[in-house]
1. Order 97-106, 111-120, 29-38 from most to least packed using the mean count of other Cβ atoms within 10 Å.
2. Determine one quarter of the surface area of the Cα convex hull of region 36-92, which equals its mean projected area, and express it in nm² to one decimal.
3. Here are some pairs, K43/K70; K53/K97; K91/K125; K50/K91; K70/K125; K50/K97; which of them have Cα atoms lying more than 19 Å apart in this structure?
4. Quick one: if you stick a label point 7 Å off each Cα along the C-beta vector at K91 and L117, how many nm between them?
Amino acid sequence: VAPSRGLGDVYKRQIYYKQIMTGCYVNTFLSPLSLERETECLKKVAQNDKEAKDELILHNMRLVAHVTKKYAVSEDEMEELISIGTIGLIKAVSSFKADYGNRFATFAIRCIENEILMHFRSRKKSRGCLLYTSPSPRDGA
């Protein structure tokens, strides 16, 4: 069951992500938009049309899953990276400028990858941090 037109229904999105993680997503993704429809949606997004933005996001979730597969090691990590990649896709939809001559998918892939890589960098920075409430390895605990 793919999510309906709006992104507000959290339950449907959770089911959708679960299908992605378990590999049962081949037939659950919405098909990519045609170039004409994509261009039309991008023009509407420039005029702050929320439905066009949602349509672009939903029809490009396959792209998020494709990019995420490169970086995910486990199912749990796949779910997390799909969420993070979706943030990159949302940023791509919001900041894409057709004037630059790139296709939206090309731009979106870079935004999705950048968001995932930023996540890895922030996780790496905080890896060595200990909270004062947790015992340190030197405490013998």
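We did not get these values from a lab; they are worked out from the coordinates using the rules stated. Computed from a prediction, not measured in an experiment: that's the story for all the values here. Reconstructed Cβ throughout: ideal geometry from the backbone, glycine too, with neighbour counts over all protein chains shown.
1. Working: 97-106: 11.2, 111-120: 17.9, 29-38: 13.3.
Going by the mean number of other Cβ atoms within 10 Å, highest first, we get 111-120, 29-38, 97-106.
2. Values: hull surface 15.8 nm².
Over all viewing directions, region 36-92 projects a mean Cα-hull area of 3.9 nm².
3. Pairs exceeding 19 Å: K43/K70; K91/K125; K70/K125.
4. With each label point 7 Å from Cα toward Cβ, the separation is 1.1 nm.
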